[in-house]
1. Cα to Cα, under 18 Å, and not fewer than 8 places away if on the same chain: which aspartates and glutamates meet these conditions relative to Lys825?
2. Give me the angle, in degrees from 0 to 90, between the Cα long axis of helix 2-11 and the longest principal axis of the Cα atoms of the chain, rounded to the nearest 10.
3. Just report the Cα centroid separation between the stretch 344-381 and the stretch 525-558, whole Å.
4. Can you put Thr182, Thr378, Thr773 in order, fewest other beta carbons within 10 Å first?
5. In whole Å, what three semi-axes, largest first, describe the equivalent ellipsoid of the stretch 602-749 built from its Cα gyration tensor (square root of 5 times each eigenvalue)?
6. Using a Debye calculation, one point per C-alpha and no hydration shell, please list log10 I(q)/I(0) for the stretch 226-321 at q = 0.11, 0.12, 0.24 Å⁻¹ in order.
7. Of the trypsin sites (Lys or Arg not before Pro) in the stretch 348-420, which ones lie in a loop per DSSP and count no more than 16 other C-beta atoms within 10 Å?
8. Over the C-alpha atoms of the stretch 159-256, what are the Rg and the largest Cα-to-Cα span, Dmax, in Å?
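What follows is calculated from the coordinates using simple rules that are stated; it is not laboratory data. These numbers were taken from a predicted model, which means no experiment stands behind them. Glycine also receives a Cβ, built like all others from the backbone with ideal geometry; neighbour counts cover every protein chain displayed.
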Amino acid sequence: MKQFLLLSLVLSSFIVQALPGDYLAQQPTKDDFALVGKSTQATIQLDDRDHKGLKRAVQSLQQDIQKVSGKSLSISPKTDAKQLLIIGSLGNSATLDQLIAAGKLDVSSIQGRWEAYLIQVIDQPMPGVDQALVIAGSDKRGAIFGVYDLAETIGVSPWNWWADVPVKKQPELYIKAGTRLTDAPKVKYRGIFLNDEHPALTNWTSEKFGGYNSQFYQHVFELLLRLKSNFLWPAMWNNAFADDDPQNAILADEMGIVMSNSHHEPMMRADKEWNRYGKGPWEYSSNRDNIYKFWQEGAKRHKDLESLFTLGMRGQEDEPMSEGENIGLLEQIVADQRQILTETFKDKPVTEVPQVWALYKEVQGFYERGMRVPDDVTLLWADDNYGNIRRLPTAEERGRAGGAGVYYHFDYVGSPRSYRWINTVPMAKIWEQMNLAWQFQADRIWIVNVGDLKPMEFPTDFFLRMAWNPAAFTADNLEQFAVSWAMQQFSEQYAATVAELIQGYTTHNGRRKPEAVEPHTYSILHYQEAERVSQELAALVKKSDQLYRQLPMEQRDAYIQLVSHPLKASQAVYELNRAVAMNKLHGEQGRVTTTYWAEQVRYWFKQDAELTALYHSLGNGRWNHMMSQPHIGFTYWRNPPANLMPVVSVAEPMPVADMGVAPEGSAFSWPISEYKGQPLALDTFYPHGQKQRAIEVFNKGSLPFEFSAKASTDWIQLSQTKGQIEVAQTIQVKIDWSKVKTGLNVGEVHVQGTGWGGAKIKVSALKPETEPTSGFVEADGYIALDAASATVQGNSKQSWWQLIPGHGRGVASMAAMTELDYQTKDIRKAPYLEYPLYFHSTGEFTLHSVIAPTLDLVPGRGLRFALALNNDVPQIIDSLADKSPAVWDNAVLDGVRVIKTTIKVNTPGEHKLRIYLVDPALVLQKLIIDTGGLKPSYLGPEQSQRIVKKLSKT
């Protein structure tokens, strides 16, 4: 199904407009603009009085064109060439003024807009010039974004420097005749937060640049501009952006990056600056004068630099505020900060100085209890540090002049578990949450915590491009973006596979972050769960290795960074934990294979280290330290000081033959089970359930032995009835349903080898009285449903269920979507998901509704859905009825919230389960009805078998 979705989206005609424009002529004609022709090349015309930052961007473009074509275009303020690439910002380019005055260039579509740009081919723009390609910006950044749009279009990825993505060489570059496009951002401030940057990024910057100085930040700024973003919270763990290197802030302003400081660093002063220069405690109630002067210096330092001032106050080092920080005092703090800004910016009203109040963690509580800031201050709502937005603007709040924004996370240090190492956030999850932000008009600031930046290339790219134009991204084109992005970094030939691999490993990490995976996370006993996940990852790695061998040499370093390393590293952590679980189980059962699984633990621990070393060796150590974040051996929320090898058991079998027998699904084995009075049995077979179950015969000694297996009845089929055991063999047990009587049938398998008597394993088969006619069939004690398998009824323009491919633990999820401020009035008329069911049994059963850990982002509403069996009155369920910290901890670690409700089935046969839409933002992933046989597992059983009713012939 996933491959079908991917293929259909690749073949669709939709193009995600957030990627660069399609105006490069692949088969040029005589009318196209020759940027680099067979025997000619254009001259870049740039006015001397234009912005320094634009000049830097033009120089980068000049270098990009040379990388692509091998030709270097000259840059000149003159217009005496036949072919001109004219670049400028409105009001700073005499050539643009001339074209506008002559009626050759209409800039009304960008005039006065924020960061807008126009790209147009003009024939005979002025005397002596045959043709021109014009890049005009409404302002400095608008022109810069136009320049970098052209750079991307000719084949230079924004990740050329940061991920060694090679340029796509073409000796000739032509721009299509008639090209005219304009673009401008929908979100005003779009940026990243470099955070939790030690040890990886810090050690790398120290080795390569001598620290977090302007030589380092130049590359960060350029990456942001190439991604059409404009905003940065700088690294702050042990750093102070403007103090570490005075050129940092100056360079940011010159290049066009709006600087701010993180949510707990007010007034353009870094947290570490207080450690260096502050006097007294960081406590406003007792040390107001010193803190006030400290903030004054920050405002003064950034008076002439484009900045966004963070207001408010938290404790030092991002801790909650002390007891002395009450609402009244916080309001006084903001008033004092506003007074400082008023005194500093005497040439304009304080309402025109960009300001933000970050409602992070406990600060949101102050707002909810009545604290307010002036109307022109932007409210920056935050997620819960795990990618679930806590709150979005109400209708009243959407009228505030300062607007609202969102602070999001790809990286976090804190409870219940830090995650700082690798990319763990699926693209569809980002889209689903940030689409809500866009819908609720939180469009002033989008900023995301990217940690060390390097492991987060793909989600960072997606987040910032979506911030440019959220409306261009829909649930239906997300996979197409992944393919387009992969095509940009590599080639069309490999794009679909690269997209599948990236989506594959992020789906796995989205189920549970690697730092939170533990030996007991995935079941090694039920539903072949751990083995299935292992097979999924192994298949992805196999496909990745095949692709790697096909790639040109110059693409392999980028491929390791962007695709194969995060995939293989995620696999290594998973397999290590699976091996620990198997080692423990086999040790308890006394198996000779205990040592094998201990060796597997060591193998995957070593594999993890070797993957890190390979990454650090790329480009002769170009990215040394970048993957050095410890991520194995967590014992509480914080990472260990280094990766810690798990404790394992080692078997030293005696030189004898000693049989053990273990049925699938049981931690007990013979003969231990006999000593403990624990009878062994396979789970009951059902005609529409699991087709076969396994019995393992294993050795506890070092000498081989013969075994035999015999079924007590002819309806029990065994894959083998005898053999020699050196280590272990598996007997597959099936049922011949043609020989089974209606009702419960009980038999056994007798396994004999060494030891007295041998093992007897009970085998049961339940044949229902009636043959199911239609629907998902009850078997093995449950009915399991993927949310996306529903038939959708009643969708409208006001409210609808939306399938989101790639969201959640499976192939897709179903999201409740509505128009803004929608209220469900009559639940029976609301859109619903319908699942046909067939029950053999009756009674009160537990329905497990597996939903995304979304929060009640609309105040006072909850996050509700309704369910009904058949035509029963819908039962309203609030998925957030329990908001305890423990429930939230489990939800974000599991990546889902499981809501348990009771349904009553009075008669066997066909039924319909309906899930009604009540509140927006609820995302349903899976439904499991426990009819008495559901086993513990992390992901739950795979979807039940469905019978489709055959239409009668007429």
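1. Straight-distance partners of Lys825: Asp872, Asp878, Asp919.
2. Helix 2-11 sits roughly 30 degrees off the main axis of the chain.
3. Here the two parts' Cα centres lie 47 Å apart.
4. Working: Thr182 18, Thr378 23, Thr773 12.
Going from sparsest to densest Cβ surroundings: Thr773, Thr182, Thr378.
5. Values: eigenvalues 397, 90, 53 Å².
Taking √(5λ) for each eigenvalue gives 45, 21, 16 Å, largest first.
6. Scattering profile of the stretch 226-321, log10 relative to I(0): -0.31, -0.36, -1.35.
7. Arg369, Arg372
8. Just the Cα atoms of the stretch 159-256 yield Rg and Dmax of 16.8, 52 Å.
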